[in-house]
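Quick note: the coordinates plus some simple rules give every number you see, no bench work behind them. Only a predicted model underlies this, so the values are computations on that prediction, with no experimental measurement involved. A quick note on method: Cβ atoms are made from the backbone with ideal geometry, for glycine too, and the neighbour counts reach across all protein chains shown.
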Amino acid sequence: MILQIIAVTAGLGLLIGGLGLAGLWLLRGRSIGIMLAVVAVVTVAATLAGVVAITIEMIIDGHPKNVVLTVVAVAGLVGLGVAMVVARQVVGASRRLVAAVEAVSPSRDYTPPPGRLPAELETISKALDQAYERLGEGRERERALEGARRELVAWVSHDLRTPLAGMRAMAEALEDGVADDPETVRRYHNQIRVEVDRLSHMVDDLFELSRIHAGALRLSPRRIGLGDLVADALAGVEALAKAKGVRLEGDAEPVLPVYADAAELGRALRNLVVNAIRHTPEDGTVVVRAVADEGTVRLSVADCCGGIPADDLPRVFEVAFRGEAARTPGPDRGAGLGLAIARGIVEAHEGTIAVVNEGAGCRFEIMLPISGPTT
C-alpha cells in the first residue's frame, strides 16, 4: 500500500512539475511575478493531486475527505497569496532599480534607488554604481585628453608658424637679392638649416608620440647595463650642456642590469636630461644617477631649475605642457612633447615616472623592474 501511494504521488508530482517547467519556459520573457505565481500554482496543484490520490486510495469518503481537501486548498491559497506578495515586492524593487538607471544622465551620477533591495538586486545596484563611476572617470580622462590635444594643436601651430615665417622671409631676401653680402648669406643659410633641424626634431617627436598613443610602440627588450645607458645619454647632450654653461654629472654602476629596449629607454632618459639642461641656469649642475633598490632600478635626473609650482607638478607629463610661469623657455625650446614621450616609453616598459621638488630644483625619477617579463 505504501509503495503504491508513493508511486502515485510521485508520478503526479513529476507530471505537474513537468507542465510547470514548460509553462515557465513559455513565460521566460514575462514578469518575475508571473513566474512566482506559476511556481506557487504548481506547488499547490502537486500537493492537492497527491492528497486526492491518497484519499481515494485510502477510501476516505464523506466528511473526512472534504476536510482534507479544504485544508489543502486553503493552504494552497495562502501560499499563492504569499507568492504574489513576494512577487510584487521583487517587481517593485526591480522597477525602482530601472528608474534609477534611467535617471542617470551625462551630467549626473548614478544614485541607488530608495529603500531596501533584495540581496541580488542590491548586488546589481552596487555593480552599476561601480560601473558608472568608472565611466565617469573615463569621461574625465577623455576630457583631459581632448584638452591636451587642443593645447598641443595650438602649441604646434604656433611653433611651426614662427620658424616657417622666418625661413620664408630669409628665403625671399636671398631670392630677391636683398641680402647679397657673403656674411649675411652665410648667416641666413645657417639659420635656415637650424630651423629645418628644429622642425625635423618636432616632427619626429609628434610621430613618436602618435605611435605611443596608438599603442604602436614596439619594444625590443634585452638585458642592458645602466652604466652604458647613462654614459650614452650624457655624451649625446654634452654639446648642449657646454653651450648652456651647465655641468653634467653621472653616477651609475657599469653593470647595473635592467631588461629594456636600449634605444627607447635611452631616448626617454635623454629627454629628461635635455629638459633639465634647458631649465638649469648657467653654471648650474645636472646630476644623473642609477641605483638598484629591492628588485627595481631607479634612474634619476636632478636639475637646478628653481622648482616647479605645486599646482603644476601633476601636469608636468601632459602633452604640450611647458609651465612658463616656473620656467622661462629659451629660443631652443621644444614642442613640449619630450616629457610626455618619456612617460609613454617608461609606461611601455611597465615602469613609472615621477617628479618632485628637491633642493635647488627638481628631480625626475624613472623606476623599472630589474627582471625581464615573465613567460
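Loop-located GluC sites (Glu not before Pro) across the stretch 336-372 with a Cβ neighbour count of 13 or fewer within 10 Å are GLU350, with loop assigned by DSSP. Ellipsoid semi-axes for the stretch 141-196, based on the Cα gyration tensor and the rule √(5λ), read 37, 10, 5 Å when sorted largest first. Here the stretch 110-178 is treated as an ellipsoid with the same Cα gyration tensor; its semi-axes, largest first and in whole Å, are 61, 7, 4. Both the radius of gyration and Dmax for the stretch 170-329 are 19.4, 67 Å, in that order, over alpha-carbon atoms. Here the relative contact order of the stretch 99-237, from alpha carbon pairs under 8 Å that lie six or more residues apart, stands at 12 percent. How would you classify the stretch 207-287 from its alpha-carbon gyration tensor, with a ≥ b ≥ c the square roots of the eigenvalues: rounded for a/c under 1.5, else prolate if a/b is greater than b/c, otherwise oblate? In terms of gyration-tensor shape, oblate. Using alpha carbon coordinates only, what is the Rg to Rh ratio of the stretch 157-227, with Rh defined as the Kirkwood radius? Value, to two decimals: 1.25.
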